[in-house]
Amino acid sequence: MKYLLKNGLLFAKDGLRPVDISIAEGRIVSIAGGLDAPGAVSIAGGLDAPGAVSIDLHHAVVFPGFVDVHVHLREPGFSYKETVRTGTLSAARGGYAHVCPMPNLNPVPDSLETLNVQREIIARDAAVHVHPYGAITRGEKGETLADLEAMAPYVAGFSDDGRGVQSGDMMRAAMAEARRLGKIIAAHCEDNSLLNGGYIHDGEYARAHGHRGICSESEWSQIARDLELAAETGCAYHVCHISTRESVDLIRKAKARGVDVTCETGPHYLVFCDRDLQEDGRFKMNPPIRSGEDRAALLSGLLDGTIDMIATDHAPHAAEEKSRGLEKSAMGVVGLETAFAAVYTHLVKPGILPLERLVELLHDNAAKRFGFGTPLAEGQPADLTVFDLDKSFVVDPERFQTMGRATPFAGMELYGICKLTMVDGKIVWQEENL
């Protein structure tokens, strides 16, 4: 299929410029100044390009298709929560061309045999590029190493996401093997001995409403341990969903001394603090939304480069699992369809975060670290997304593509509507009335 994307605004380092984009055989054939640009000419045959479908973008902004290095697609094993198909359609609607699903599945992908169960579903049903993680340990139980060598050619990296690797010796062995294999360890950092039955942040809201809190040390103490192990082994180490100011400080200092570490945080940690919590399961995730001081530290980490990526930790559950309030609801919220708009609305529009930096956080840095992602350039695969930044919408979970409905952004007005997403030159999402 051939396409001619007319009257777009191309995101570039020097700002937004009018462009027309010609696409054929899955690749970007030509990018040229749109007809609104001074002295511009129509590209490669223009509207008369044989067989091309012309799409008027009406001055919406074209970005490279985003990369989310931390999602949960729930299949195999938990298809009542989400499937590869619904999760990747959700990704497409959010502007994502690449996603990395975590291995807390059934069967756990801890060998090539069990990984292939997931890979077969992905090959059959995925709407976007999917790069799975393999587990660090057998069954994610933290007792014996998974078959990292057999899985290495087929995974984005290794993670036991959903739980921290409790044994330092086990993590050292995993890092040494990952280093040998040239793969990333992506760690969910959580010291189980410090949890004490907590389920939201141990802070202002928990004390005021009689909830058991999760202390910040349960996260940052394991990060501190792992940073030392990463320095010792030379492993490429990635920290999942950081939420505390101590975590930011530890990673900033580790980078300064040359540790090979990157990290991510999620949109909900950047927009909310624990004073915003409500007695509703849509505000419950792990790690929890933390204090205003933690949120401020995360914002500082975004701006100074300590935090490399924004990842959604998209974690759908069945409605009944999220309807039991803060104490008893399952941990996890959905985020693929609101991530860009939430960060754009709350950080970019107010002038806190430059749009260029947001694109680095959603695409460029993940592409550099994990090796996938596609620049907007002639000859490259047509993995791109188009957003109308001037229009707003009210978040209505009932309109989501994902099977999950629990989001703290429900009912909020956000700016930035995804009008179109292409993967390998195929339209995988198109908003009505583009």
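The values are calculated or read from the model by the stated rules, or taken from the named source; none is laboratory data. All figures in this text were calculated on a predicted structure; none of them were measured in a lab. No Cβ is skipped: glycine too gets one built from the backbone with ideal geometry, and neighbour counts run over all protein chains shown. Only protein heavy atoms, including side chains, enter the accessible area calculation; ligands, DNA and RNA are left aside. Shrake-Rupley method; radii C 1.70, N 1.55, O 1.52, S 1.80 Å.
Could you check the range 337-434 for strands (runs of 3 or more DSSP E) lying wholly inside it with 3 or more residues that are buried (at least 20 other Cβ atoms within 10 Å of the Cβ)?
Once the strands (runs of 3 or more DSSP E) in the range 337-434 are filtered for at least 3 residues that are buried (at least 20 other Cβ atoms within 10 Å of the Cβ), what remains is 384-394, 413-423.
What are the residues in the range 136-147 that are touching a Lys or Arg at 6+ places or on another chain (Cβ under 7 Å), surrounded by 23 or more Cβ atoms within 10 Å (Cβ to Cβ) and not small (Gly, Ala, Ser), if any?
If the condition is that a residue be touching a Lys or Arg at 6+ places or on another chain (Cβ under 7 Å), surrounded by 23 or more Cβ atoms within 10 Å (Cβ to Cβ) and not small (Gly, Ala, Ser), then 140 is the only one that fits.
Which residues, taken from the range 20-34, are of a type in the set (Val, Ile, Thr) and more than 28 Å from the chain's Cα centre (by Cα)?
Of everything in the range 20-34, just one residue is of a type in the set (Val, Ile, Thr) and more than 28 Å from the chain's Cα centre (by Cα), namely 29.
Out of the residues in the range 210-223 that are surrounded by fewer than 17 Cβ atoms within 10 Å (Cβ to Cβ) and touching a helix residue (DSSP H, G or I) at 6+ places or on another chain (Cβ under 8 Å), which is farthest from residue 369 (Cα to Cα)?
212
In the range 151-175, which residue that is open to solvent by 10 Å² or more (accessible area, probe 1.4 Å) and among the charged types (D, E, K, R) is nearest to the chain's Cα centre (by Cα)?
163
Which ones in the range 54-73 are crowded, with 18+ Cβ neighbours inside 10 Å and free of Cβ contacts under 8 Å to residues at least 60 places away in the same chain?
Scanning the range 54-73 gives a single hit, 73.
What are the residues in the range 309-326 that are of a type in the set (Ser, Thr, Tyr) and open to solvent by 10 Å² or more (accessible area, probe 1.4 Å), if any?
Answer for the range 309-326, where residues must be of a type in the set (Ser, Thr, Tyr) and open to solvent by 10 Å² or more (accessible area, probe 1.4 Å): just 323.
Any residue at all in the range 286-308 that is without any contact (Cβ under 8 Å) to a residue 60 or more places away in the chain, touching a Gly at 6+ places or on another chain (Cβ under 6 Å), open to solvent by less than 20 Å² (accessible area, probe 1.4 Å) and not in a strand (DSSP E or B)?
Taking every residue of the range 286-308 in turn, none turns out to be without any contact (Cβ under 8 Å) to a residue 60 or more places away in the chain, touching a Gly at 6+ places or on another chain (Cβ under 6 Å), open to solvent by less than 20 Å² (accessible area, probe 1.4 Å) and not in a strand (DSSP E or B).
For the range 85-104, give me each residue that is crowded, with 24+ Cβ neighbours inside 10 Å and in a loop (DSSP other than H, G, I, E, B).
Passing the criteria: 94, 95, 102, 103.
Determine if the range 74-92 includes at least one residue that is in contact (Cβ under 8 Å) with a residue 40 or more places away in the chain, closer than 21 Å to residue 419 by Cβ and acidic (Asp, Glu).
No, the conditions are met nowhere in the range 74-92.
Please verify whether residue 109 is crowded, with 24+ Cβ neighbours inside 10 Å and either polar (S, T, N, Q) or modelled with pLDDT of 95 or more (or both), treating the condition exactly as stated.
The answer is yes for residue 109.
Which residues, counting only those in the range 219-234, are in contact (Cβ under 8 Å) with a residue 60 or more places away in the chain and of a type in the set (S, T, N, Q)? Reasoning before the result, please.
In the first step, residues of the range 219-234 are kept if they are in contact (Cβ under 8 Å) with a residue 60 or more places away in the chain; the result is 219, 229, 232-233.
Result: 233, single match.
Yes or no: residue 82 open to solvent by less than 10 Å² (accessible area, probe 1.4 Å) and over 26 Å from residue 382 (Cα atoms)? Please lay out each step first, then the result.
Values: open to solvent by less than 10 Å² (accessible area, probe 1.4 Å): yes; over 26 Å from residue 382 (Cα atoms): yes.
Yes, satisfied.
For the range 122-135, name all the residues that are over 21 Å from residue 66 (Cα atoms) and open to solvent by 20 Å² or more (accessible area, probe 1.4 Å). Don't jump to the end; show me each part of the working.
Residues of the range 122-135 that are over 21 Å from residue 66 (Cα atoms), as a first pass: 124, 134-135.
Hit for the range 122-135 is 124, nothing else.
Test residue 276 against the stated conditions and say whether it is crowded, with 24+ Cβ neighbours inside 10 Å and either at negative phi or in contact (Cβ under 8 Å) with a residue 60 or more places away in the chain (or both).
No; evaluated as a whole, the condition is false for this residue.
Could you list, ordered by first residue, the pairs with Cβ atoms under 8 Å in which the first is in the range 407-432 and in contact (Cβ under 8 Å) with a residue 60 or more places away in the chain and the second is aromatic (Phe, Trp, Tyr) and part of a loop (DSSP other than H, G, I, E, B), at least 6 apart or interchain?
408/272
Would it be correct to say that residue 158 is under 15 Å from residue 402 (Cβ atoms), of a type outside the set (A, V, I, L, M) and free of Cβ contacts under 8 Å to residues at least 40 places away in the same chain?
It is false that residue 158 is under 15 Å from residue 402 (Cβ atoms), of a type outside the set (A, V, I, L, M) and free of Cβ contacts under 8 Å to residues at least 40 places away in the same chain.
Give 40, 24 a once-over and let me know the one that is of a type in the set (Gly, Ala, Ser), modelled with pLDDT under 85 and open to solvent by 20 Å² or more (accessible area, probe 1.4 Å).
40
Considering 199, 269, 205, which residue is touching a strand residue (DSSP E or B) at 6+ places or on another chain (Cβ under 8 Å), among the aromatic types (Phe, Trp, Tyr) and either buried (at least 19 other Cβ atoms within 10 Å of the Cβ) or at pLDDT 95 or above (or both)?
Details: 269 fails: touching a strand residue (DSSP E or B) at 6+ places or on another chain (Cβ under 8 Å); 205 fails: touching a strand residue (DSSP E or B) at 6+ places or on another chain (Cβ under 8 Å).
When all the criteria are applied, what remains is 199.
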